[in-house]
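Remarks on the structure that follows.
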Amino acid sequence: MPETAKLAVSFQVNGQPHTVEAYPMARLLDVLRRDLRLTGAKEGCGEGECGACAVLIDDELVNSCLVPVAQVEGCKITTIEGIAGETLHAVQEAFIECGAAQCGICTPGMVLAAVALLERHSAQPTEDDIRSGLAGNLCRCTGYMRIFEAILQACEKRAGADA
Amino acid sequence: MSGRFIGKSIARKEGRQKVTGRAVYVDDMEMPGMLRGATVRSPVARGRLRDIRLGNGIPWDEFTIVTAKDIPGKNCIALILDDQPCLADQTVNHVEEPVVLLAHEDPYLLEEARRAVELDIEPLPPVFTIDESLAQKQVIMGEDNVFKAFLVESGDVEAAWNRAHLIVESEYETASQEQLYIEPQGMIASFDSEQGLTVWGSMQCPFYVHRALMTLLALPVNNVRVIQTETGGGFGGKEEYPSMIAGHAALLAWKSGKPVKIVYDRMEDMAATTKRHPSRTRHRTAVTRDGKLLAMDIEFIVDGGAYATLSSVVLSRGTIHAAGPYFCPNVRIRSKAVATNFPPHGAFRGFGAPQSIFALERQMDQVAKALDMAPEEFRRRNFVREGETLAVGQIVREKIDLPALMDRALELSDYHAKRQRFAEENPRRQVKRGIGLASFLHGGGFTGSGERYMASVVGAEATPEGQVRVLAASTEMGQGTNTVFTQIAAEALEVDYDLIEIAQPDTSIVPNSGPTVASRTCMVVGKLVEAAVLGIRQQLVTTGLLPLRGYTSEQFRTACREYIQRHSALKATSEYSAPPNVYWDDEKYKGDAYGAYAWAVYVAEVSVDTTTYEIRVDDFVAVQEVGRVINPVLATGQIEGGVAQGVGFALYENVVWREGRMVNSQMTNYIMPTSADLPRIRVFFEEVPYAHGPGGAKGIGELPIDGPAPAIVNAIENAVGVSIKRIPVTPEALMEALENVHA
């Protein structure tokens, strides 16, 4: 087997600069979990179907199991660990309040999908917007209903805060 | 009549950890020097294992290698029959059966090594259908391929046929279903000669794993410790299989002297672990002219796969639920779990009941049609009432009003108006619409004498900080155990919610409150939680540290701290005892099969595209009586999730087998419902408090998967006029059904 050389890749994660030595085709998911010990992103399927490994790359929702680390050179990555500041994000609050997290394994990806959805929609998203915005994130516990409700609640809070 | 906590939607106890990504699942754990483990599996369904060869190009001396010959104890996964080996020895009985274990620190090299192990297996003829198994051309299990059989008989079915106005016969089938928890199965094991074995992992039943490991490694009870990590969904899939992975990780850790982690990837998880039992049910039903059930003759057969696992108990629950929430004077149910050369089927939410209830609720519609009677009216005339008996001779003592439950479901779903409107509109439409219903029940707790034998124990202890910690082996896997136990304990003690802690299930700390299965955790174990924490208070009151009533949470904390200062520890336990008048006869297979039932009427509305054969569920109304609802948001979430899984069972989830191998073991080609596929699921509760449940609660976890499939397929028949008898109803299946009709 031919040896592939490791590569130095620099990027930001949750506002912090990182440089890792990694094989260029190493999955971003593994680099985050193993090298940076950010284990909030989960591996549910390893083929981009379930969204449990979702992160934001330059504010776009991406499945990190499908991203070779070489591609994120110079990018700004946000993981679930970077969503809460001093207090929880409105989406996280709403997830707790509405019962949108059950077993919790899809929750990091689902929260990121919801945050990305809210960023895309400055007005209140429609139910169709929410359904399509979450269609890449599978949840086996909730049947999604509580998650829809949490997103609507987070929107309402945002609208209230803006007013 | 809400209490301070019971009946309130208190936020999930571990919610903050979960929404911030800080909850620790097994794959998030690392240990110094930890190796990764991999499993070499049989590529054939049945055969003789002649040789294991290690291929070229791999530095084998760097690997820890385990085969059946290395096992220090008994080579089995201890459960009911102990027939399933931990590692195949001499024979293999299903594709993906584990044969060799490997461990190495480099996961990439480990994968190459796994592929380099060659298994020399002489194939033998396999058995792949229920009929082949029953025909016994190949005997692969015992003398007759039958793991278990039951007979339920009440009245005289044979004598009833003559008196029937109508007899309707039909056959129904349900396919395998994958649990598809989003966290794949995984375990970490660590062994040291002094402390023995410690295992961490994703599981529902720590003491199942504990017992299996003691047997496998011949270790005494105190040298095996099993700790549940945050568990990313179970649905039954993490009831018995975790004992297998734990066994594998333990053998590798024991042999290597290093911690070993085995986490399956999705393909391995789907291909190798248990799924829902496929089933075939034959119904012969006699009715009177006025639509009363006269006789029900039911044959219910499930495919158990290659080893017994839990098939006998799955069969039992399926058998008891097969006659549903109806009164019928003459019932015969004959049931069997048979062996095939598929990977063993096992526990999955509903546990046999979704299969037999699908058949029954489809049959009820067929009989109603034959009688030219509305399906809801036919059911209404046969609902069991308080004081009447169910098929196994259980007298219904619950104050259940099924006609009222049905009225509410019909009203909320606008059933009558829609049925009429669809009948008028459908002839002109290419997308046809339909509405259908199912009425059903689900027993809470173990079947029959199960709870008596289990004799579950729950503990409680005061902490030096003045908290009360609940000690139970019942696991949180998303369904809300931590939160509901806290609510029950805080309500009983009349203290703040924050005063209650729930111990992590760890077999070295918690007593055996039984497995986290069978819709028993809230109803059965929750009642024991209540009793155990009251035992703590009793001791505080007896010693004069706490007044009997009128104390504050702070006073309670102070009393706990003082007690511990004086006596060093404050503990209490409670043990299960059956409610009065609940008795089950194992020999006769008769009696009170369950302490209590949850009851439900579900209504599904569908649209069926007769050009593309796509089926959509447009509306779903779930009305159920579940005793007191402890936490409305969590309970609603459980019902919604169960309905979603039921929609998948009915329409999408199709395990494709080829030569005994699941060929679509990926999320790409095994389709579960996404956020874009489901209708609004509208959930409504009736609450009739159950005297022996905590705060009046009954079990709810499994109920919601029983009803969706028959309600949906009944709705499909209402839409297109074709009776479909097998699920899932994929577009391909619908196309066949519709074209046969047109042919």
**Report entry** Bins of 10 Å from zero: percent of alpha-carbon pairs in region A:90-162
**Finding:** 22, 60, 17, 1
Query raised in the report: Extent of chain A along each principal axis, from alpha carbon coordinates, in Å, largest to smallest?
Result: 55, 32, 24
Query raised in the report: lysines near B:LYS255 by alpha-carbon distance under 23 Å, same-chain residues fewer than 8 away left out - which ones?
Result: B:LYS69, B:LYS74
Query - For chain B: rounded, prolate or oblate by the Cα gyration tensor [a/c cutoff 1.5] - result: oblate
Query raised in the report: What spacing in nm lies between the two simple spin-label points modelled at B:GLU105 and A:SER10, each 7 Å away from Cα in the Cβ direction?
Result: 3.0 nm
Report summary line: Mean per-residue count of partner chain Cβ within 10 Å for B:637-649 equals 4
**Report entry** Prolate/oblate/rounded call for region B:563-627, Cα gyration tensor, a/c under 1.5 rounded
**Finding:** oblate
Requested in this report: With the Cα gyration tensor of region A:7-82 in hand, convert its eigenvalues to equivalent ellipsoid semi-axes via √(5λ) and list them largest first in whole Å.
Outcome: 17, 14, 11
Report task. Please say if the protein assembly as shown is rounded, prolate or oblate, where rounded means a/c under 1.5 for a ≥ b ≥ c the square roots of the C-alpha gyration tensor eigenvalues, and otherwise the choice is prolate for a/b larger than b/c and oblate otherwise? Result -> rounded
Query raised in the report: Say a paramagnetic label sat at a point 7 Å from the Cα of B:GLN504, along Cα to Cβ; which residues of region B:240-255 have their backbone N under 13 Å from it?
Result: none
Query raised in the report: Among all the lysines, which ones have a C-alpha under 22 Å from B:LYS369's C-alpha, if same-chain residues fewer than 8 places away are not counted?
Result: B:LYS292, B:LYS418, B:LYS432, B:LYS725
Report task. Just add up the charged neighbours of B:GLN84: K/R +1, D/E -1, any other residue whose Cβ is under 10 Å from the Cβ of B:GLN84. Result -> -4
Requested in this report: Find out how many positive minus negative residues lie around B:THR730, taking Lys and Arg as positive, Asp and Glu as negative, among other residues whose Cβ is under 12 Å from that of B:THR730.
Outcome: -3
Query raised in the report: In a shell of Cβ-Cβ distance under 15 Å around B:GLN538, excluding B:GLN538 itself, what net charge do Lys and Arg (+1) and Asp and Glu (-1) give?
Result: 0
Query raised in the report: With labels modelled as points extended 7 Å from the Cα through the Cβ direction, what inter-label distance (nm, one decimal) is found for B:GLU377 paired with B:LEU534?
Result: 4.9 nm
Query raised in the report: Where in chain A are the DSSP H helices whose C-alpha atoms run 18 Å or more along the long axis and whose mean Kyte hydropathy is at least -1.0?
Result: A:107-120, A:145-162
Report task. Round to the nearest 0.05 the FRET efficiency obtained for B:GLU62 and B:ALA149 when R0 = 45 Å and r is the Cβ-Cβ distance. Result -> 0.35
Query raised in the report: So for the pair B:LEU134, B:THR389, with labels modelled 7 Å out along Cα→Cβ, what separation do we get in nm?
Result: 2.8 nm
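Do the sum for chain B: with -39,500 (n - 2.57) for every DSSP H run of n ≥ 4, divided by all residues, what is the mean residue ellipticity at 222 nm, to the nearest 500 deg cm²/dmol?
Taking each H run of at least 4 residues, the total per residue is -8500 deg cm²/dmol.
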Query - Most to least packed among B:612-624, B:275-287, A:115-127 [average Cβ atoms within 10 Å] - result: B:275-287, B:612-624, A:115-127
Query - Between region B:144-200 and region B:597-663, the Cα center-to-center distance that results, in Å - result: 19 Å
Report task. Specify the inter-centroid distance of region B:226-285 and region B:49-90, based on alpha-carbon positions, in whole Å. Result -> 17 Å
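With 20 Å as the limit, write out which pairs from B:LYS527/B:LYS571; A:LYS42/B:LYS238; B:LYS8/B:LYS698; B:LYS238/B:LYS261; B:LYS8/B:LYS571; B:LYS148/B:LYS590 have Cα-Cα distances beyond it, or answer none.
Where the Cα-Cα span goes over 20 Å, the pairs concerned are B:LYS8/B:LYS571.
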Requested in this report: Could you sort B:675-687, B:424-436, B:697-709 so that the peptide with the highest average Cβ count within 10 Å comes first and the rest follow in order?
Outcome: B:697-709, B:675-687, B:424-436
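Every number here is computed from the coordinates shown, using simple stated rules; none is lab data. Everything numeric here is computed off the predicted structure, so don't read it as measured data. Here Cβ is always computed from backbone atoms with ideal geometry, including for glycine, and neighbour counts include all displayed protein chains.
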